[in-house]
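Student: I am attaching a structure below and will ask some questions about it afterwards.
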Amino acid sequence: MTRLTVPAACLLLLLAVPSGADIVTLKDGRVLEGEILSDDGKTVRIRLRKGTVTVTRDQIESIERKTSPAEEYAARALKVDAKSAAAQLELGQWAAENDFPAEAAVHLLAAWDLDPTLEGIDVELEKLDYHCVDGRWQDADTYYPARGYVKSGGRWVTPAELAWRQALEEVAAKQAARDAAAAGSPEDAAKIRKIDARIAAEKGSIEKISKLVDKARADEKAAQTRFSAAEAKVRAAADKLTAIQSKEKPKEGEAGKPPSAAEQDAQKKLTAASAAAEKESKALGIARKALGDQTAARTEAERLVVALEKEKTDILKAGSAQNAAAQKAQEDLDAAIARAAELKAAWEKEKE
């Protein structure tokens with residue numbers, strides 16, 4: 001049996017990761033958790049988060065050594081059957097679930113090369129932000145730049161989205177300048193502080209919801225992929241049944257015959273494929289609803305931020321301390337807001 005040879009650089013990286021935390025329980029009840037550096041039978045040296053300690057063997061009640069996920073992956077990688085697409089897929093899924101995305105991609109791509117028809121490979125690669133182009137998979141660093149995307153804040157975005165986000169930063173800067181120039185009465189200042197706190201809280205919520213939206217969108221895409229695959233199986237099963245029925249159709253004048261074993265088997269497979277497609281259809285509906293709910297929640301939070309900003313603007317405009325400088329700052333802010341709105345509209349149109 002041929003074994004997978006893990007890329008040398010990858011394996012060396014994994015072996016360089018500290019092992020799982022060792023637990024040393026002392027007789028006085030204290031528990032030391034870290035990495036055992038040495039054990040000569042008389043003393044044990046342990047590296048803790050805040051330094052290294054040495055304890056004598058007669059102080060120790062028990063020692064529990066643990067294996068890290070990195071060590072477990074290295075062991076699994078050395079044992080995996082390199083010629084088995086199913087084995088490669090299984091190890092790729094395990095690596096992804098245990099936060100080893102690069103290693104997961106190695107095994108999933110190997111599984112694809114061995115058997116691109118094996119169910120589940122495409123879904124797992126898409127979770128890692130891989131994209132199939134002309135039958136070959138491309139990682140995010142290859143796929144997105146080729147389509148004009150740029151990386152910003154750890155995300156791939158279109159130039160239109162980047163321009164909009166930069167415009168939002170400009171709006172924030174203009175707001176700060178406007179607020180400084182238009183500081184009004186202590187009562188107004190207190191109201192503004194409360195509004196600012198609410199705006200910050202809502203923006204924090206928007207950030208969290210946006211991550212949920214991204215996850216829901218990925219789940220919906222994966223569900224769509226599974227449903228499309230299930231539909232294809234239904235069509236294939238239906239075509240096979242039709243072919244059998246056409247072939248076994250009694251000739252004119254012949255008595256009808258009961259369905260043959262082949263026809264019955266084809267009918268069973270069509271029924272099973274239809275049931276699987278129905279299940280995937282329901283899962284797709286659930287995923288789409290989840291995406292819709294999260295998108296609506298984000299839209300509502302964004303609407304509230306806009307309302308709070310308007311309330312804050314109204315207070316500042318009514319403040320007696322608003323002078324020429326404050327008016328100019330307000331004009332600059334209004335212009336920045338208008339530009340941000342234009343750029344957002346352009347980005348939204350691009351997504352259609």
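Student: Could you tell me which numbered condition residue 173 fails, if it satisfies all but one of (1) in contact with a Leu (Cβ under 6 Å, 6 or more places away or on another chain); (2) at pLDDT 90 or above; (3) of a type in the set (A, V, I, L, M, F, W, C)?
Tutor: (1)
Student: Are there any helices (runs of 4 or more DSSP H) wholly within region 101-159 with 1 or more residues that are of a type in the set (Phe, Trp, Tyr), and if so which?
Tutor: The qualifying helices (runs of 4 or more DSSP H) are 101-114, 140-146.
Student: Still on this structure, please answer the following. Residue 222 - would you say it is in contact (Cβ under 8 Å) with a residue 40 or more places away in the chain, in contact with a helix residue (DSSP H, G or I) (Cβ under 9 Å, 6 or more places away or on another chain) and either over 30 Å from residue 109 (Cβ atoms) or among the polar types (S, T, N, Q) (or both)?
Tutor: no
Student: Restricting to region 57-110, what's the tally of residues that are out of contact with any strand residue (DSSP E or B) (no Cβ under 6 Å at 6 or more places or on another chain), under 30 Å from residue 44 (Cα atoms) and surrounded by fewer than 14 Cβ atoms within 10 Å (Cβ to Cβ)?
Tutor: Qualifying residue count, region 57-110: 5.
Student: Also, quick follow-up: Scan 155, 136 and give me the residue that is over 23 Å from residue 348 (Cβ atoms) and charged (D, E, K, R).
Tutor: Residue meeting the stated conditions: 136.
Student: Show the residue pairs that are 6+ apart or on different chains and have beta-carbon atoms under 7 Å apart, the first residue being within region 133-154 and under 16 Å from residue 108 (Cβ atoms), the second being among the acidic types (Asp, Glu).
Tutor: Cβ pairs passing all conditions: 140/129.
Student: OK, next. Which one is nearest to residue 211 (Cα to Cα), of the residues in region 111-153 that are exposed (fewer than 13 other Cβ atoms within 10 Å of the Cβ) and in contact with a Pro (Cβ under 8 Å, 6 or more places away or on another chain)?
Tutor: 148
Student: Tell me the residue from 335, 345, 324, 341 that is modelled with pLDDT of 85 or more and loosely packed, with under 13 Cβ neighbours inside 10 Å, please.
Tutor: One residue alone meets the criteria, 345.
Student: Separate question: Specify which of the listed residues (173, 177) is within 17 Å of residue 310 (Cα to Cα), exposed (fewer than 14 other Cβ atoms within 10 Å of the Cβ) and not acidic (Asp, Glu).
Tutor: Selected residue: 173, the only one of 173, 177 that is within 17 Å of residue 310 (Cα to Cα), exposed (fewer than 14 other Cβ atoms within 10 Å of the Cβ) and not acidic (Asp, Glu).
Student: While we're on this one: Filter region 194-248 down to residues that are of a type in the set (Asp, Glu) and under 17 Å from the mean Cα position of the chain (by Cα) and give me whichever is surrounded by the most Cβ atoms within 10 Å (Cβ to Cβ).
Tutor: 220
Student: Any chance region 250-272 includes a residue that's under 34 Å from the mean Cα position of the chain (by Cα), in a helix (DSSP H, G or I) and not β-branched (Val, Ile, Thr)?
Tutor: yes
The values are calculated or read from the model by the stated rules, or taken from the named source; none is laboratory data. Remember, it's a predicted structure, so these values are computed and weren't measured experimentally. Don't worry about glycine lacking a Cβ; one is built from the backbone with ideal geometry, like all the others, and counts go over all protein chains shown.
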